[in-house]
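Chemist: Following this message is one structure expressed as structure tokens.
The values are calculated or read from the model by the stated rules, or taken from the named source; none is laboratory data. All figures in this text were calculated on a predicted structure; none of them were measured in a lab. All Cβ positions, even for glycine, are placed from backbone atoms using ideal geometry, and neighbour counts span all protein chains on display. Heads up: the accessible areas ignore ligands, DNA and RNA and are worked out on the full protein's heavy atoms, side chains in. Shrake-Rupley method; radii C 1.70, N 1.55, O 1.52, S 1.80 Å.
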Amino acid sequence: MELLRGLLSPNDFMPHGYCYLWNARLVWLHVVSDSLIALAYFSIPITLVYFIRKRRDLPFNWMFVCFGVFILACGATHAMEVWTLWHANYWLSGGVKAITALVSVPTAVLLVGLIPRALALPSPEELRHEIAERRFTEEALHRAKMELESRVQERTEELRNTNRILVDQIVHRQESEEKLRRSEERFRLLVESVQDYAIFMLDPSGRVTSWNAGAEKINGYHADEIIGQHFSRFYSREDLDQRSPQKELETVAAKGRFEDEGWRIRKDGSRFWANVVVTALRDERGTLIGFSKITRDLSDRKHAEEELQKLASLIEHSSDFIGMASLEGDAQFVNPAGRALVGLDRDESVGGTKVLDYIFEEDRERFRQQVLPIVLQRGHWEGEVRFRHFQSGAAIPMLQKVFCIAEAGTGQPLTLATISRNITERKRAEEDLRLTQTELEHVSRVMTMGELTASIAHEINQPLAAIVNDANACARMLACQPPDVEEVRQAVADIAQAGTRAAEVIARVRSFLNKKTVTTDRVNINEVIQEVLSLVAGELEKNRISTRLDLLLHLSLVLGDRIQLQQVVLNLV
């Protein structure tokens, strides 16, 4: 740092411009001259470097580098001459000149040693002469080569034509073989990658020669386990007793193709229902080279067919009405029991009928306005509906369940279906039960009235005794002279009142014992309670029981059967 500070410090020296007494013309003369010299020196190394990079084959190119450094240092000294006019950095200027000296002296020494070697290089004239001789020799060689090539070309033209024909034939054959190979490779990859079909090859004797992934999946054997084995191992012992696999191959060889469905055996011993197609393979000369066998596992379809058959049998033999219709209401299917129920022949088509044709006329509007919208909205409905007999028009009470059959996944309704049961017998039994209950109620009332006979007799005896007493009083008063007409009139009024009371008691007993169907009417509960208490007044008096009524006034009328309500109150009392 001290050395650098000493080089850059003016050290109390005066700038070089003082030597020129700051004469402007003299100063600018030196500035312009030294600047132009420095620029020229700086441009020369750039040109030399460019020249060396372009002509790397020149001898002694390192000398150009030395000269470039020397000239660059010289340019730096002239640049420092311009700097020291205003800045007294003479130590820095001297350092630059020292570097120039260090570069120039080795360059001069190396240049002296280079001169003998440079003089040994061929002169331009000698180079031109050598180039001319070489060119002459090359032309002679070229002429000889052209003559040789002409002779060779003439000799090989016929071979070239022949080779061209052979090459075309070879290329065509190679292209055909490549296409065939690619086609076979694509077919092989396709066959080997198929998972749903067992595709394999048999030799003429029936032994397996190839085995794809589908065959491994369906039959359970790996390729190394089955290749070379006879295909008869796919048959059960029962099948082998009934059929000969070898004769089947002979039939295929004769007819060219064979298709069959039946049970086959997997490696684990389980059976599966298979569709088998066997095709005979022949070469171009018609010689049998083997068989191709394609097996498809139809176990799921077989199981679905069996389940569908079971379902069809269940529907066929069901005693319920089972039917299907479109969403627009067009009938599509009715099972035999349903046809018999509504009076349709077994073979009569239901295609021209509507859903509403099966509904009793009085229930059609409710079915159209209530049932169908609920089914389409919620997917199902269950309740009682009356069907119509097509022949007699009679109503058939049914417990019906209507539902939509929807598409799997989307839930979109596809069709309407119904399962309905005839409840005529149940309705008849309900009616019989209701009649029995009515009979039991009547018997219960009769038995109750039997128990209350004394009370009823007391209720009737009171007005009868009053009538007798009032009648005797009338006879006595009429015998008097003169008769007391007013008293007689009052006694007669009492007789009429007592008779009315007795008639009311008898009417209440008759109505209570009356055997009739249940009828609902508007009833005053207070009146029902008073009527029952009047019936049991004698029984209450006999057992020394007093009654006190606390009835609410202005009660609303209730809807019910008067006799049944009297029975309830009587049971409570």
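Chemist: Can you list the residues, at least 5 places off or on another chain, whose amide H is less than 5 Å from the amide H of Leu85, using H built in the peptide plane?
Modeler: So Leu85 has HN proximity to His16.
Chemist: How many nm is it between the label spots at Ser326 and Ala24, if each spot is 7 Å from the Cα in line with the beta carbon?
Modeler: Reported label-point gap for Ser326 and Ala24 is 11.6 nm.
Chemist: Sticking with this structure for a sec: Whose amide H sits under 5 Å from the amide H of Leu414, counting only residues 5 or more places off or on another chain, with H placed in the peptide plane?
Modeler: Ile405, Ala406, Glu407
Chemist: Go through segment 92-103 residue by residue and turn each phi into a ³J(HN,Hα) via Karplus (6.51, -1.76, 1.60, θ = phi - 60°); whole Hz please, and just put x for glycine and proline.
Modeler: Result, rounded to whole Hz: 5, 5, x, x, 5, 5, 5, 4, 4, 5, 5, 7.
Chemist: Could you put Met80, Met146 in order of accessible surface area, largest first, with the 1.4 Å probe and the full protein assembly present?
Modeler: Numbers: Met80 25, Met146 95 Å².
Solvent-accessible surface, decreasing: Met146, Met80.
Chemist: May I ask you to evaluate 6.51 cos²θ - 1.76 cosθ + 1.60, the Karplus curve with θ = phi - 60°, for each residue of segment 212-224 and list the ³J(HN,Hα) values in order in whole Hz, giving x for glycine and proline?
Modeler: Computed from phi, the couplings for segment 212-224 are 9, 5, x, 5, 5, 5, 7, 8, x, 9, 6, 4, 5 Hz.
Chemist: What Kirkwood hydrodynamic radius do you get for segment 251-294 when you take the inverse of the mean 1/r over all pairs of distinct Cα atoms, in Å? Working shown, then result.
Modeler: Values: mean 1/r = 0.0845 Å⁻¹.
Value: 11.8 Å, from the Cα pair sum.
Chemist: Which pairs in the list Lys401/Lys427; Lys217/Lys293; Lys255/Lys293; Lys217/Lys255; Lys310/Lys354 are over 21 Å apart, alpha-carbon to alpha-carbon?
Modeler: Details: Lys401/Lys427 18 Å; Lys217/Lys293 15 Å; Lys255/Lys293 15 Å; Lys217/Lys255 30 Å; Lys310/Lys354 28 Å.
Beyond 21 Å between Cα atoms: Lys217/Lys255; Lys310/Lys354.
Chemist: What FRET efficiency do you get for Ala304 and Gln377 if R0 is 30 Å and r is their Cβ-Cβ distance, rounded to the nearest 0.05?
Modeler: Details: r = 32 Å, r/R0 = 1.05.
Efficiency, rounded to the nearest 0.05: 0.40.
Chemist: In addition: For a Förster distance of 25 Å, can you work out the FRET efficiency between the beta-carbons of Ala406 and Glu362, rounded to the nearest 0.05? Provide the component values of the computation, followed by the final result.
Modeler: Values: r = 31 Å, r/R0 = 1.26.
For R0 = 25 Å, the calculated efficiency reads 0.20.
Chemist: Starting at the first residue of segment 395-407, write each ³J(HN,Hα) from the Karplus equation 6.51 cos²θ - 1.76 cosθ + 1.60 with θ = phi - 60°, in whole Hz, x for Gly and Pro.
Modeler: Values, residue by residue: 7, 10, x, 9, 9, 10, 10, 10, 8, 9, 8, 9, 6 Hz.
Chemist: What are the residues whose amide H is under 5 Å from the amide H of Met398, where those residues sit 5 or more places off or on another chain and H is modelled from the backbone?
Modeler: Val385, Arg386, Phe387, Ile423
Chemist: Put a dot 7 Å past each Cα toward the Cβ at Asp224 and Glu527; how far apart are the dots in nm?
Modeler: Spacing of the two 7 Å Cα→Cβ label points: 10.5 nm.
Chemist: How high is the FRET efficiency from Arg548 to Glu430, r the C-beta distance, R0 51 Å, rounded to 0.05? Walk me through the numbers before you get to the answer.
Modeler: Values: r = 43 Å, r/R0 = 0.84.
For R0 = 51 Å, the calculated efficiency reads 0.75.
Chemist: If you don't mind, another one. Give me the Debye-computed log₁₀ of I(q)/I(0) at q = 0.18, 0.21, 0.25, 0.27 Å⁻¹ for segment 361-418, equal point scatterers on Cα only, no solvent, two decimals.
Modeler: Each listed q corresponds, in turn, to -0.66, -0.82, -1.01, -1.10.
Chemist: Which distance in nm do the two modelled labels at Thr500 and Leu159 give, with both placed 7 Å along the Cα-to-Cβ direction?
Modeler: So the label points at Thr500 and Leu159 sit 15.7 nm apart.
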